[in-house]
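One structure is given below, encoded as structure tokens.
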Amino acid sequence: MDESEDVPKDFIKLKSENLSVHEVSELVISPNCGAVSLFIGTTRNNFEGKKVIRLEYEAYTSMAEMEIKKICREVRQKWPSVKHIAVYHRLGVVPITEASVIIAVSSPHRAESLEAVMYCINTLKAFVPIWKKEIYEDEYSWKENKECFWANSEK
Amino acid sequence: QVTVLYFARSAELAGLRSESVSVPQRITSVQLWEEIVKIHPRLAVIQDQVVFAVRQEYVLLGDQLLVLQTGDEVAIIPPISGG
């Protein structure tokens, strides 16, 4: 492989099909990186004693992709050695235990990619316009991240 | 004439996902909200929780003056829950 083809890349995708950990981690692998760090968000089957039947996600897709792109830029400013970043988020119905989000980051050494992955998921939860609806047995609820950047600021 | 987009709970309360709305070119964000609530009064219940995204930039509800062009996208953004 030509060395010049291995320029740092951001892989951002919002899709309704099942997410593959293998596929997403393969995207960020790089010959001069010794570390790939991964975060997988999976759907839980309970909330406050209620049984969760499934989750449904929707997004303001064009803006969500832009906000994720901004997060990638911020990651590269904070951890310049980071090589590739992949953020894949599922939309539509996500059955219990399946992945709703996968974030993978590669870097030459492990500290940067581990920190960058944490930064990505924390910032995504605060800024990216994606919404989750939890469906229970007899009701549903639109969830609200406590990280949401304007939470409590307008009360 | 701007395109207003509704998401999540705001889409359920308004009963639709998008529509064209006529508003003054210069308007504060809270005035814009009030115009939209006139059309869909059920949205009033989420007033304390929402922000706007105007041309895909977040805008809090308040005195910020917006300068809108025909065709601009204005999205109602309830509290987010991605990830």
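The values are calculated or read from the model by the stated rules, or taken from the named source; none is laboratory data. As the structure is a computational prediction, the values presented were derived from the model and not from experiment. Because the Cβ atoms are built from the backbone with ideal geometry, glycine has one as well, and the counts that use them run over all protein chains shown. Surface accessibility is based on the protein's heavy atoms, side chains included, excluding ligands, DNA and RNA. Shrake-Rupley method; radii C 1.70, N 1.55, O 1.52, S 1.80 Å.
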Checklist line | Space enclosed by the convex hull of the alpha-carbon atoms of the stretch A:57-123, per residue, Å³ | finding: 83
Notebook entry, point to check: Roughly what would the spin-label model give for A:THR97 and A:PHE149, points 7 Å off Cα along C-beta, in nm?
Noted result: 3.7
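Calculated FRET efficiency, A:ARG76 and A:GLU17, Cβ-Cβ r, R0 41 Å, to nearest 0.05?
Working: r = 28 Å, r/R0 = 0.69.
So, using R0 = 41 Å, E works out to roughly 0.90.
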Next item on the list: Beyond 24 Å between alpha-carbons counts as too far, so tell me which of A:LYS15/A:LYS51; A:LYS15/A:LYS78; A:LYS13/A:LYS125; A:LYS13/A:LYS143 fall in that bin.
Entry: A:LYS15/A:LYS51; A:LYS15/A:LYS78
Next item on the list: Give me the distance in nm between label points sitting 7 Å out from Cα along the Cα-to-Cβ direction at B:ARG26 and A:ALA111, one decimal.
Entry: 5.3
Check: How many Cβ atoms of partner chains, on average, are near each residue of B:68-81 if near means within 10 Å of its Cβ?
Finding: 5
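I need to check one value: relative contact order of chain B, counting alpha carbon pairs closer than 8 Å and at least 6 residues apart, in percent.
Working: 143 pairs, mean separation 34.7, N = 83.
Across chain B, relative contact order equals 42 percent.
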Next item on the list: Using only protein heavy atoms and a 1.4 Å probe, report how much of A:TYR119 is accessible, in Å² to the nearest 10.
Entry: 50
Notebook entry, point to check: What nm value, rounded to one decimal, do you get for the distance between B:GLN69 and A:MET118 when each label is placed 7 Å out toward the C-beta?
Noted result: 4.3
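Provide a whole-number value for the mean count of partner chain Cβ atoms within 10 Å of the Cβ atoms in peptide A:123-133.
Working: counts 1, 3, 4, 3, 3, 3, 11, 6, 11, 5, 4.
Taking the mean over all residues of the peptide, I get 5.
Counting alpha carbon pairs within less than 8 Å and at least 6 residues apart, what relative contact order, in whole percent, applies to chain A? Walk me through the numbers before you get to the answer.
Working: 317 pairs, mean separation 50.8, N = 155.
Answer for chain A is 33 percent.
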Item checked: Residue-normalised accessible area of the protein assembly as shown, given per residue in Å² at a 1.4 Å probe -> 49
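Which value, to two decimals, describes the C-alpha radius of gyration of chain B once divided by 2.2 N^0.38 Å?
Details: Rg = 11.6 Å, N = 83, 2.2 N^0.38 = 11.8 Å.
For chain B, the normalised Cα radius of gyration is 0.98.
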Next item on the list: Run the accessible area of the stretch A:9-143 with a 1.4 Å probe and give the carbon-and-sulfur part as a rounded percent.
Entry: 52
Checklist line | When chain A is reduced to its Cα atoms, the Kirkwood hydrodynamic radius in Å | finding: 16.4
Note to self: Just checking the output field for A:143-151: average partner chain Cβ neighbours within 10 Å of each residue's Cβ?
What the structure shows: 5
Next item on the list: Please list, or write none, the lysines whose alpha carbon is within less than 25 Å of the alpha carbon of B:LYS38, excluding same-chain residues fewer than 8 places away.
Entry: A:LYS155
